[in-house]
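Structure, as structure tokens:
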Amino acid sequence: MRYTSTLLEPSTPYTTAYLTLGIVFFVFFIALLGLIFRTLMQNMKYLLQTKGTQILPQQQEERLKGYKVLFDEYDRKKRIQILYIPISMLQNLLYVSVIALLNIPLAQISLIWVLDTMFIIYLVVYQPLKERSVRIMTLLIELLSYGCITLAFILGLIDRFIDLDSTTLGEIGFVF
């Protein structure tokens, strides 16, 4: 969306189509995030009542039948564990917003690093995923991406004060 507004030449049908497509997907994502959050918040009392078990009262089970994917694989001992999907979606929305709206690379890296740190702390402290193997794999993936972002953060700070040569930049690319 930002690219279309910064063009020096008149927009082509392709840029207009991509802008339209970007807006449609953005509105769809926001609507989906709102629907998921509203559904979970409306049914929170039923989900917390079961204390993390798979057994729901008959009325609530029929009511939540279409939404089981939102809470079946997650612990339901605490409210924040049930909100894993909206929190993950919000994290992705904030990533994209920071990248699209902020033009300062070091600030982008810093904000993404802070977001990633908060999400990893959430995963470690609240452990929203039931299965141990899935929880470990998810945490491993997040830690690997966190390592790349931390490396980018450090290199962003170094690059601000020292001019790196092309060989070093190539080696850094290999590390990523």
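The values are calculated or read from the model by the stated rules, or taken from the named source; none is laboratory data. Worth saying up front: this structure is predicted, and the values here are computed from it rather than measured. Here Cβ is always computed from backbone atoms with ideal geometry, including for glycine, and neighbour counts include all displayed protein chains. SASA here: full protein model, heavy atoms, side chains in, ligands and nucleic acids out. Shrake-Rupley method; radii C 1.70, N 1.55, O 1.52, S 1.80 Å.
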For peptides 162-173, 37-48, sequence by mean Cβ density within 10 Å, most packed first: 37-48, 162-173
Viscosity 1.002 mPa s, 20 °C: Kirkwood-radius Stokes-Einstein D of the stretch 105-158 over Cα pairs, µm²/s: 182
Potential lengthening between VAL114 and THR168 on full extension [0.36 nm per residue; Cα-Cα distance subtracted]: 16.8 nm
Of every Cα-Cα pair in the chain, the percent that sits beyond 20 Å: 66
Degrees between helix 84-101 axis and first principal axis of the chain (Cα, 0 to 90, nearest 10): 20
Accessible area (Å², per residue) of the chain, counting only protein heavy atoms and a probe of 1.4 Å: 68
Degrees, to the nearest 10: 166-175 long Cα axis against longest axis of the chain: 10
Net length gained if the chain between TYR18 and THR138 were fully extended (0.36 nm per residue, minus Cα distance): 40.0 nm
Phi-based couplings in Hz for the stretch 106-117 (Karplus 6.51, -1.76, 1.60; Gly and Pro marked x): 5, 5, 4, 4, 4, 5, 5, 4, 5, 4, 5, 4
Point-to-point label distance, PHE26-ASN103, nm (Cα→Cβ direction, 7 Å offset): 1.7
Candidates PHE28, PHE119, PHE71: whichever shows maximal mean-square fluctuation once the chain is modelled as a Gaussian network with Cα springs under 10 Å: PHE28
In degrees, nearest ten, helix 13-42 long axis to first principal axis of the chain (Cα): 30
MET89 versus LYS77: modelled label distance in nm, points set 7 Å from Cα along the beta carbon direction: 2.6
